[in-house]
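What follows is one structure encoded as structure tokens, with my remarks underneath.
The values are calculated or read from the model by the stated rules, or taken from the named source; none is laboratory data. Every value quoted in this text rests on a predicted model; they were computed, and no experiment measured them. Because the Cβ atoms are built from the backbone with ideal geometry, glycine has one as well, and the counts that use them run over all protein chains shown.
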Amino acid sequence: MLTVKLLFSFLLIVGAAWTSEVPPTPTGFPEAETFAYRDQGARMLLHVVKPADWKPGDQRPVLMFFFGGGWTTGTPQSALGWAKMAAKLGMVGIAPDYRTKQRFDTSPLEAVSDCRAALRWTQENAALLGINPAKIVAGGNSAGGHVALWTAITESPPGSAASEAPILKPAGLILFSTVSDTSVLSGYTPQRFGNHAMALSPIHQLDPAMPPVLAFHGDADRTVPVSQAIALHDKLVASGNASELIIVPGGGHNFGTEFPEWREKARARVQHFLAKLGLIPDPIP
């Protein structure tokens, strides 16, 4: 009995140590150029991957993709693949960092503020980056989709400065397993938002005119229920906005890991979406 108790205590200690380990904040990647979009307080970076034939004076379209992790975990490393894919398509790919609970001891309010500021900085520095500020598509998965939605909403929410609001809406939104409702009655982890759960809930704060949306969601998602994606899609369509929702049968929150074939399926649909927006040439069917 004593041995079992000692073993259990050891496992608890090891588990606590493992869960408290904080990953380092990336300061750069070999494939990317790194810029600071915020220098006051926490220094926040974004990582830019350019096409091989990029040159100064270009006005390339952009895919800016935000990593997920429940505003708690994650780093821009997990979004770098999307930035690299964008560069292969002739776009400039951007993987921004933003403050998370694990690395910065912050709330989702700071995450939303950072991501809006990242888009604002990118638009203001279009000439430096060789991009067209009117042709930026924002995307993300899970909480990354939540902050991507907030780059397309005009009103600055609590915790975000109006001076850092995006100058232009994104040209489109690409959402994976996205948190779109954080309200107290029906939302995902509203307690994380304190008194601002409704004010930070995208579905309750949408503008009348929103960018075209391409969304993916598994119908077996136990983290963010597919009902959130359906409600967002229905509200967008009802208000006259363009929205396409692709439901993955049997897919959970990370359906691309569960069903590897959906990685290629999703990327193909993303390419068609970008082509439909006139940002890349129409891919071969």
### Summary
When residue 180 is run through (1) buried (at least 24 other Cβ atoms within 10 Å of the Cβ); (2) within 16 Å of residue 38 (Cβ to Cβ), the failure sits at (2)
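Among 248, 226, 213, which is under 17 Å from residue 152 (Cα atoms) and modelled with pLDDT of 95 or more? Quick ask: steps written out before the conclusion?
Values: 248 fails: under 17 Å from residue 152 (Cα atoms); 226 fails: under 17 Å from residue 152 (Cα atoms).
None of the other options fit; the residue is 213.
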### Task
Might you check whether a residue that is closer than 27 Å to residue 228 by Cβ, touching a helix residue (DSSP H, G or I) at 6+ places or on another chain (Cβ under 8 Å) and not in a helix (DSSP H, G or I) occurs anywhere in segment 103-112?
yes
#### Entry: Members of segment 132-150 found to be β-branched (Val, Ile, Thr) and either assigned to a helix (DSSP H, G or I) or more than 16 Å from residue 62 (Cβ to Cβ) (or both), listed by number
147
### Message
What are the pairs with Cβ atoms under 9 angstrom where one residue, in segment 201-215, is within 20 Å of residue 189 (Cα to Cα) and assigned to a loop (DSSP other than H, G, I, E, B) and the other, located anywhere, is acidic (Asp, Glu) and at pLDDT 95 or above? Sequence gap at least six, or different chains.
### Response
201/181
### Task
Go through (1) outside any loop (DSSP other than H, G, I, E, B); (2) surrounded by fewer than 19 Cβ atoms within 10 Å (Cβ to Cβ) one by one and return the number of the condition residue 90 breaks.
(1)
### Query
Only one residue in 199, 171, 220 is over 20 Å from the mean Cα position of the chain (by Cα) and either over 20 Å from residue 69 (Cβ atoms) or aromatic (Phe, Trp, Tyr) (or both). Which one?
220
### Query
Going through segment 133-156 one residue at a time, which ones are under 17 Å from the mean Cα position of the chain (by Cα) and either surrounded by fewer than 20 Cβ atoms within 10 Å (Cβ to Cβ) or hydrophobic (A, V, I, L, M, F, W, C) (or both)?
136, 137, 138, 143, 147, 148, 149, 150, 152, 153
### Query
Is there a residue being under 21 Å from residue 68 (Cα atoms), in contact with a Ser or Thr (Cβ under 9 Å, 6 or more places away or on another chain) and crowded, with 16+ Cβ neighbours inside 10 Å anywhere in segment 255-277?
yes
### Query
Which of the residues belonging to segment 231-254 are in contact with a His (Cβ under 8 Å, 6 or more places away or on another chain) and not in a strand (DSSP E or B)?
251
### Task
From (1) in contact with a Lys or Arg (Cβ under 7 Å, 6 or more places away or on another chain); (2) among the charged types (D, E, K, R); (3) outside any helix (DSSP H, G or I), pick out the condition that doesn't hold for residue 99.
(1)
